[in-house]
1. Determine the pairs where a residue that is without any contact (Cβ under 8 Å) to a residue 40 or more places away in the chain, located within the range 54-72, has a partner that is outside any helix (DSSP H, G or I) and loosely packed, with under 14 Cβ neighbours inside 10 Å with Cβ atoms under 8 Å apart, the partner being 6 or more residues away or on another chain.
2. What number of residues within the range 105-119 satisfy the criterion of being over 12 Å from the mean Cα position of the chain (by Cα) and surrounded by 24 or more Cβ atoms within 10 Å (Cβ to Cβ)?
3. Restricting the range 154-182 to residues that are at pLDDT below 85 and buried (at least 18 other Cβ atoms within 10 Å of the Cβ), which is nearest to Phe207 (Cα to Cα)?
4. Mind checking which pairs have a first residue in the range 11-33 that is closer than 12 Å to Arg51 by Cβ and a second that is surrounded by fewer than 16 Cβ atoms within 10 Å (Cβ to Cβ) and not aliphatic (A, V, I, L, M), Cβ under 6 Å, 6 or more apart or different chains?
5. Would you call Arg277 in contact with a Cys (Cβ under 9 Å, 6 or more places away or on another chain), within 30 Å of Glu48 (Cα to Cα) and in contact (Cβ under 8 Å) with a residue 60 or more places away in the chain?
6. Just give me the residues in the range 209-226 being more than 19 Å from Leu291 (Cα to Cα), touching a residue at least 60 places away in the same chain (Cβ under 8 Å) and out of contact with any His (no Cβ under 9 Å at 6 or more places or on another chain), in sequence order.
7. Leu39 - would you say it is farther than 30 Å from His309 by Cα, hydrophobic (A, V, I, L, M, F, W, C) and at pLDDT 95 or above?
8. What single numbered condition from (1) surrounded by fewer than 22 Cβ atoms within 10 Å (Cβ to Cβ); (2) hydrophobic (A, V, I, L, M, F, W, C); (3) at negative phi fails to hold for Ala92?
Amino acid sequence: MIAVPSLLSDTLADPVRTGAYRPADWAMLVKQARVAELLGQVHAALEEAGRLDAAPPFARRHLDIAWQLSLRHRAAVRWEVMHIRDALEDLAVPVVLLKGAAYCIADTPAARGRVFNDVDILVPRAALSAAEHRLITAGWLPARVDAYDQRYYRSWMHELPPMEHKSRGTVLDVHHTIVPPTSGIVPDAAALVARAAPVADAELPGFFVLAPEDMVIHSACHLFLGEFHKGLRDLYDLHRLFEAFGTEAAFWERLGERAVETGLARPTLDAMDQCRRMFGTRIDPAAHARLARREPTRFRALRGWLFEHVLRPDHPACDGPATGAARWLAFARSHWLRMPLPLLVYHLGYKALKGAH
């Protein structure tokens with residue numbers, strides 16, 4: 001496998017190597033980290049390694065600003081979740097925080113330095129309509145989408161159309177499961193909710209986060225069954241989750257079992273492979289071997305080639321001759337995985353005709 005030509009991934013994998021960086025290297029690191037939305041995470045990694053003070057003044061300014069911005073984002077996420085609490089408190093159903101909001105409220109290492117673009121929650125399918133009504137009443141308005149897109153979300157996808165608060169402009173995604181049902185993968189959403197743990201924040205009763213292994217699996221399927229425009233950031237989230245949860249031996253056994261039970265063994269294996277390749281993440285050999293036995297080697301190699309390109313920062317210094325083609329293939333692959341062929345042809349045909357008008 002060709003090494004990714006990225007100062008950013010190299011730095012996150014081993015912050016100590018910054019001791020050999022020249023000013024031009026620091027400038028490139030800042031540029032790559034900014035386009036990948038990882039500048040705050042670089043600050044955290046350098047601080048944890050005792051290397052933050054080694055950054056030259058111009059780089060340190062960028063890093064410190066990114067860190068302060070991440071702290072404001074964390075406060076804003078909690079504030080937004082408290083508003084969601086107020087809107088849904090009489091619904092009397094569990095509300096599961098997903099992805100960035102979960103990392104933030106659960107105070108996992110993945111939240112350190114991270115910025116948040118939206119808040120994702122999961123509610124039981126039976127409560128979806130009632131939850132949507134209460135959120136609309138509280139000021140979250142559905143995105144303006146046409147009748148086709150309404151059907152696309154409500155009949156085929158795993159979430160409602162995005163909702164944006166009318167005064168705060170914050171975006172909320174309301175899920176009823178973790179992968180599109182049209183993908184053919186149907187994890188038991190009720191089991192995900194039943195296994196979820198209540199958040200430690202006493203001001204957020206009724207709010208939960210996924211069990212550690214389910215959190216990793218969801219993060220993996222969000223990345224490896226989807227698109228990669230923030231791929232390196234999402235992969236670094238996975239690295240931080242593996243490093244945090246992987247200190248418990250039982251986690252790896254549960255992860256392997258749950259990956260098979262949910263039908264999401266492939267993206268979980270991809271997450272293991274790519275975290276280990278990119279960041280040197282410590283992955284339990286037995287858990288990896290269990291999932292690897294289920295996957296043909298030739299397909300893993302092909303996916304590895306694709307991921308090697310699309311998980312680079314979206315910066316010209318990181319592009320290779322095949323990077324553009326790989327990104328297009330990843331986009332096409334994400335649609336292929338989400339829909340059966342007849343539905344995919346219908347969907348893309350509609351979008352092409354709509355775009356022509």
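1. Hits for this filter: zero, empty list.
2. Number of matching residues: 1.
3. His158
4. Trp26/Pro56
5. Working: in contact with a Cys (Cβ under 9 Å, 6 or more places away or on another chain): no; within 30 Å of Glu48 (Cα to Cα): yes; in contact (Cβ under 8 Å) with a residue 60 or more places away in the chain: yes.
No.
6. Residues satisfying the conditions are Val209, Gly226.
7. Details: farther than 30 Å from His309 by Cα: no; hydrophobic (A, V, I, L, M, F, W, C): yes; at pLDDT 95 or above: yes.
Answer is no for this residue.
8. (3)
The values are calculated or read from the model by the stated rules, or taken from the named source; none is laboratory data. Nothing here was measured: the structure is a model prediction, and the numbers come from that model. So basically every Cβ, Gly included, is an ideal-geometry build from the backbone, and we count neighbours across all protein chains shown.
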